[in-house]
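Each remark here refers to the structure printed beneath this line.
The values are calculated or read from the model by the stated rules, or taken from the named source; none is laboratory data. Treat the numbers as computed from the prediction; the structure is a model and nothing was measured. Here the Cβ positions follow ideal geometry from the backbone for every residue, glycine too, while neighbour counts run over all protein chains shown. Only protein heavy atoms, including side chains, enter the accessible area calculation; ligands, DNA and RNA are left aside. Shrake-Rupley method; radii C 1.70, N 1.55, O 1.52, S 1.80 Å.
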Amino acid sequence: FFPFVKMSLNPLILEECRIVAKKDFTPEEFTFLTLKQIKYKDSAGTEHQWESVERPRNCEGADGVAILAVLSDDNTIVQEASFPKLAYGKEILLVAQFRPPVGKIVLEFPSGLIEPGESAAVAALRELREETGYSGEIFKISPIFYGEPGMSNSSCHLAFVSVDIKNPENLDPKPHLDDGELLRHVRVPFCEHFLDALVRLAETNGWVLDAKLYALAAGLELGSNLSANSDESSKGGDKAIAEEGRKGDKEETKKHVEEKEVKKEGKSKERKIKEEKEKQQEEEEVLELTGHVKGKNAKKKGKNGFSIDGNKARARTPKFSFLPFTERKGDMSKYDDKEEEEEEDEAEDDDEEEEMVEMGAEDMMELMAAMMGGGGAEMDFSGAAGLDGIFGFNPLAGMGGMG
């Protein structure tokens, strides 16, 4: 059930130890205690003897109850879930009582015996009123525990009580002590160094501390130290986690920036390659267009002896000798089919260039028709002088004698 608990091995089986006899040695004048001689056997069957002091059992359960009372003046009722945190800064109600067995004043919790028919809670509130004059509310009852099991079977509960000192019942508290009870109540601040405060208080006044009170104060101090160490560890852990998180964020940011730079560089390269491709494509288109125009001009030049540049025409001297018109007409007629095929090929070229070339050709044809005088048998050179005005020179110069 408790795997973290480690126990030493013992050849004797503790659970088999048992009491075999008790002998009463109590004097007749004893009222609250009895003296006993006890005989018991261990698991090996060996018999042993023990002496003890016992209380007459007036009820089932514990013999008495001790009270840890937390005083509050701000209407704050301490509850089990808020103890001890909510009790810090408040006061603990204790008593300084003369105890004849030790012959000293003992600083301890208010306490008393449980009467027949009482519960631990009822006995706790009754004893608190009797010894201190305060009234309160129970918020926790401890299990039974034994204060000095090596000498006595005396048992006790610890009752946790919240006391509102602004309650009218607590404005003028007056104890109701039994005969022989010599005590006064003491209000001690419940602070971080509660144990040290108790020790100094006892030493200053020549008192001694009750074991139950000391054990509780030591336990609270231990718990406070553990909580502080836990908080420091938690802070250290949180700091380490935060530092690791910041480190991770920095690395993630650096990685993100690097990825962004790579993407940016890649996009820049892609854009550059694209621009180079587009530039190359434009150059190829220009070269293709330039070569196409030159090719077409070369075709035209070969066909009719004229070079076409835009809509401007420049006549060149034909490289062939003119024959009489009738013979040229007869000679040229056989090339009609070839010219039609060439014109069909040219129609597949760029529309704008085709229009430019075609318009120039039509102008030339009209010009040649005008020179030929409407299609007579011989060429009319009367318009030759007019060619100088159009072309800047006479393309028919040197062709006299063909009239």
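For the reader, a short list of remarks on this structure follows.
- Scanning residues 5 or more positions from Lys22 or on other chains, those with amide H under 5 Å from its amide H are Lys39, with H placed 1.01 Å from N in the peptide plane.
- ³J(HN,Hα) computed for each position of region 16-25 - Karplus, 6.51 cos²θ - 1.76 cosθ + 1.60, integer Hz, glycine/proline x: 9, 6, 7, 7, 10, 6, 10, 10, 8, 10
- One chain, two ends: Ser135 and Asn10. Fully extended at 0.36 nm per residue, the span grows by 40.0 nm beyond their Cα-Cα distance.
- For the set Met151, Met7, solvent exposure ranked by accessible area (probe 1.4 Å, protein chains only) runs largest to smallest as Met7, Met151.
- Other residues within the sphere of radius under 14 Å centred on the Cβ of Leu195, judged by their own Cβ, net out at -3 (K and R +1, D and E -1).
- Couplings for region 122-136, taken from phi via the Karplus curve 6.51 cos²θ - 1.76 cosθ + 1.60 with θ = phi - 60°, read 5, 5, 5, 5, 5, 5, 5, 5, 5, 8, 10, x, 8, 10, x Hz in order; Gly and Pro are left as x.
- Summed side-chain charge close to Arg126 - residues other than Arg126 whose Cβ falls under 9 Å, Lys, Arg +1, Asp, Glu -1: -3
- Net charge over other residues, Cβ less than 10 angstrom from the Cβ of Asp24 (K, R count +1; D, E count -1): +2
- Where Rh is the Kirkwood radius over Cα pairs, Rg/Rh for region 64-209: 0.95
- Between the amide H of Lys90 and those of Phe190, distances stay under 5 Å, these residues lying 5 or more places away or on another chain, with hydrogens modeled in the peptide plane.
- Less than 5 angstrom separates the built amide H of Gly64 from those of Ile114, Ser155, Cys156, His157, all sequence-distant by 5 or more or on a different chain.
- The listed residues His157, His176, His48 rank as His176, His48, His157 when sorted by accessible area, largest first, using a 1.4 Å probe.
- Calculated FRET efficiency for the pair Lys174/Thr31, C-beta based, R₀ 25 Å, to 0.05: 0.35
- Taking each residue as 0.36 nm, the span from Val262 to Ser142 lengthens on full extension beyond its C-alpha to C-alpha distance by 36.2 nm.
- Sparsely packed loop sites in region 1-52 (the GluC sites (Glu not before Pro) outside DSSP H, G, I, E and B with at most 15 other Cβ atoms within 10 Å) comprise Glu28, Glu29.
- Solvent exposure of region 88-173, expressed per residue, is 46 Å² of accessible area, with all protein chains present and a 1.4 angstrom probe.
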